[in-house]
Every structure is written in structure tokens, then in C-alpha cells.
Amino acid sequence: EEVPKARAAADALLLVNPKGRVFGAFTGKLFDYLAVNRPVFGLTTPEDVAGRLIQEANAGYVVANEDIAGITANLRNMISDWESGRFPARRWEVVERHHRREQVKKMGEFIVSRWDQRP
């Protein structure tokens, strides 16, 4: 019960999703972060699914976790935005498309479509 309250009270949320052998996999934490109207500072590959979703949802700042100069620049931008009170305006329609309810619905439709095609 306390974790969502703490997220909502935070100035920003840090997502660390290091580049690895697996490409195209989301971390569940990202969806929890998207649900809170706080900027996400994503240390993740910008071209991977998590980085693209943060950008598509206009949910914050994305930079590869090995890009030290990029991290410094993005931190400066985030602090400047915080000081001026102008954080990115979240695209809630993008967040809604990725809500668990929508994903479960898609999975159900997929299972039913496969069930109908069984031998």
C-alpha cells in the first residue's frame, strides 16, 4: 500500500534496464511507473521496447545506461524542467493501451483465436 504512495510523492522515478542479451523485453516496473504521473528517468537502450515506450508516452527522459555524457545532459534537462515546473505531458492514451487490463484482453483474444485453429 505504501509503494504507490511513495511513487506518487516522488519528483521523478528512476528506471534502470541495462543492455543485455535479451532485446524486446519489458520490465514490469515500467508499467507501474507509467501509471504514476511522474517523469521517468530511463537508463535503458532508447531503441529497445522500454525506451521507445517511455518516449512514445512522453513519460520522461531516456538514455543508454552506458552513455555518461547523455546521462549528464538528460539529468541537467530533467532538473531544469523540474525547476521550471514543466515536466513532459504524459500521453495517457498510450499508457492506457499498455494497461494490464488491455494486455490481458489481447492475450485472451490470442488464446481464443489459437483454440479455434486447433486440429
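Residue-level analysis places residue 65 outside the set of residues that are closer than 23 Å to residue 4 by Cβ, outside any strand (DSSP E or B), open to solvent by 30 Å² or more (accessible area, probe 1.4 Å) and among the polar types (S, T, N, Q).
Look at (1) in contact (Cβ under 8 Å) with a residue 24 or more places away in the chain; (2) open to solvent by less than 40 Å² (accessible area, probe 1.4 Å) and you find that residue 23 fails only one, number (2). Of all residue pairs spaced 6 or more apart or on separate chains, none has beta-carbon atoms under 8 Å together with a first member in the stretch 1-20 that is at positive phi and a second member that is at pLDDT below 80. For the stretch 28-47, taking the residues that are open to solvent by 40 Å² or more (accessible area, probe 1.4 Å) and of a type outside the set (Lys, Arg), the one that is modelled with the lowest pLDDT is identified as 28.
In the stretch 51-62, which residues are crowded, with 21+ Cβ neighbours inside 10 Å and assigned to a helix (DSSP H, G or I)? Residues satisfying the conditions are 53, 54. Across the stretch 36-50, the number of residues qualifying as touching a strand residue (DSSP E or B) at 6+ places or on another chain (Cβ under 9 Å), in contact (Cβ under 8 Å) with a residue 24 or more places away in the chain and not in a strand (DSSP E or B) comes to 6.
The values are calculated or read from the model by the stated rules, or taken from the named source; none is laboratory data. In this text the structure is predicted, and so the values were computed from the model without any measurement. Cβ sites come from the backbone with ideal geometry, for glycine too, and all protein chains shown count toward neighbours. Each accessible area value is taken on the protein alone, full model and side chains, heavy atoms only, with ligands, DNA and RNA left out. Shrake-Rupley method; radii C 1.70, N 1.55, O 1.52, S 1.80 Å.
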